[in-house]
Every structure is written in C-alpha cells, then in structure tokens.
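Here is the structure we will look at.
The values are calculated or read from the model by the stated rules, or taken from the named source; none is laboratory data. In this text, all values refer to a predicted model and were calculated from it rather than measured experimentally. Cβ placement follows ideal geometry from the backbone for every residue including glycine, while neighbour counts extend to all protein chains displayed. Please note that ligands, DNA and RNA were not included when accessible areas were found on the heavy atoms of the full protein model with its side chains. Shrake-Rupley method; radii C 1.70, N 1.55, O 1.52, S 1.80 Å.
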Amino acid sequence: MYITCLDLEGVLVPEIWIAFAEETGIPELRLTTRDISDYDVLMKKRLTILEEHKLGLKEIQATIARIDPLPGAKEFLDKLRRVSQVVILSDTFTQFAAPLMEKLGMPTIFCNELEVAPDGKITGYKMRQDNGKFHAIKGFQSMGYDTIASGDSFNDLAMITASQAGFLFRAPQHIIDDHPQIPAFTEYDQLLDAIKKVVEQ
C-alpha cells in the first residue's frame, strides 16, 4: 500500500510567511525554505524580525485566517485520497496549520510546535525531529508502506529522494535545474496522474 506525503505551503496553500510579509510590509519575512536550506537559520531570522517589530502569534494568525487553499487544492486532495493514503508533512506549526486543515477537509498533518509566551510573543519553536520529513518517510517504510512524496522546497528533497517515487510541484526553477532527475509538475492534474501511474503499477 502507498502513502502519499505532500508538503503544505506552496503546494496546497500559499506561503504563510510571504502573505504575512506582504501584510506587514516587511520584505525580509518573504524568505522561505525555497531560499534558505537550513531551517534553523531561517526560523531564527524570522523570530528576530518578529521581536524587532513587536509582532506575535496573534498577528500571524490574523493573516492565516484570511488565507485560502490554492485554487484546485482541495479538489486535488479529495481525488488523491481515493487513490492513496495521504499525509501532509510540513515544517509549519500546529498554531498555523489548524485553520488551513479545516479548509482542506481535515487531512492528516505532521508538523511542529511554536513556543509562545502568555502575551503571545513567539519565543521559540520545537521541531519534532531534525529532518522530520525524511524520518517520517523512513518510518512509514519501516511499517511496510511504499511512499510517494511531493514538494517544492529544499526541505522536501530528502523525503522525495527517499521515496519509491517523488515529484517536484511548483518548485522554483533553481531547484528544478539542480535536480533534473526529479519529475517536476505545475498542475494538480499532472501530479495526480503521475501518482496514479505509480500506484497502479
């Protein structure tokens, strides 16, 4: 049996930090795992910026409340779940993901946890495991599942290459160019067809 593992931001929903950067007018917050491969470096940079501008969880959640899934994402997920088990593997945080999961029909998501002070200041974050997407894939495989993985960023490459089949989806051109061996798609129907072919083999 196959489990299909998908990234969240950039694949099913817009990038949360980019949306927040646009609302706050802070361009440095536009940086994502498409730009910086080391997630710890990226998050420390984000937390420093939030502190400098006195922004906390409440402000980010207000932005998230206005974010809808990417056009066609929920329909894609509904169709995919008839083909394969589906788990979303994301480096986002439960405090960000919950309202987005409701809009996507409550798929299963594995993600991380923010550390938040009583006043709403984000003081840190807890990664469930370093390189968590890769280890989740290996965990599924250790239980006898085959895995298919798709994402768009540096932090998705380990799960894609560790899976029986893997695909880039709406990845930036520099990642596509650096990994020509990974099929790359831009439309949900293309990705769904590719996954179906793997499952039906």
P(r) histogram, all alpha-carbon pairs of segment 148-201 included - 10 Å bins from 0, percent
27, 58, 15, 0
Segment 1-112 - Debye-derived log10 I(q)/I(0), Cα point model, q = 0.24 Å⁻¹:
-1.46
Inverse of <1/r> over all distinct C-alpha pairs of the chain, i.e. the Kirkwood Rh in Å, gives 17.3
Top of Gly166, Gly151, Gly105 by mean-square fluctuation, Gaussian network on the chain, Cα under 10 Å
Gly105
What accessible area per residue comes out for the chain, rounded to a whole number of Å², with a 1.4 Å probe?
48
Over 23 Å (Cα to Cα) among Lys79/Lys103; Lys45/Lys138; Lys58/Lys103; Lys74/Lys197; Lys44/Lys121 -> Lys45/Lys138
Descending principal axes extents, segment 59-122, alpha-carbon based, whole Å:
44, 22, 14
If one computes the Cα centroid of segment 1-63 and of segment 166-186, what distance in Å separates the two points?
21
Which percent of the accessible heavy-atom area of the chain goes to carbon and sulfur, probe 1.4 angstrom?
51
Summing -39500 (n - 2.57) over the DSSP H runs of n ≥ 4 in the chain and dividing by its residue number, what mean residue ellipticity at 222 nm do you reach, to the nearest 500 deg cm²/dmol?
-12500 deg cm²/dmol
If one puts a single equal scatterer on every Cα of segment 88-148 and applies the Debye formula without solvent, what log₁₀ I(q)/I(0) results at q = 0.26, 0.27 Å⁻¹?
-1.08, -1.10
Expected sort for 129-137, 117-125, 181-189 on mean C-beta neighbours within 10 Å, highest first, is 129-137, 181-189, 117-125
Which cross-chain or sequence-distant (5 or more) residues have an amide H under 5 Å from the amide H of Phe93, H modelled 1.01 Å from N in plane?
Asn112
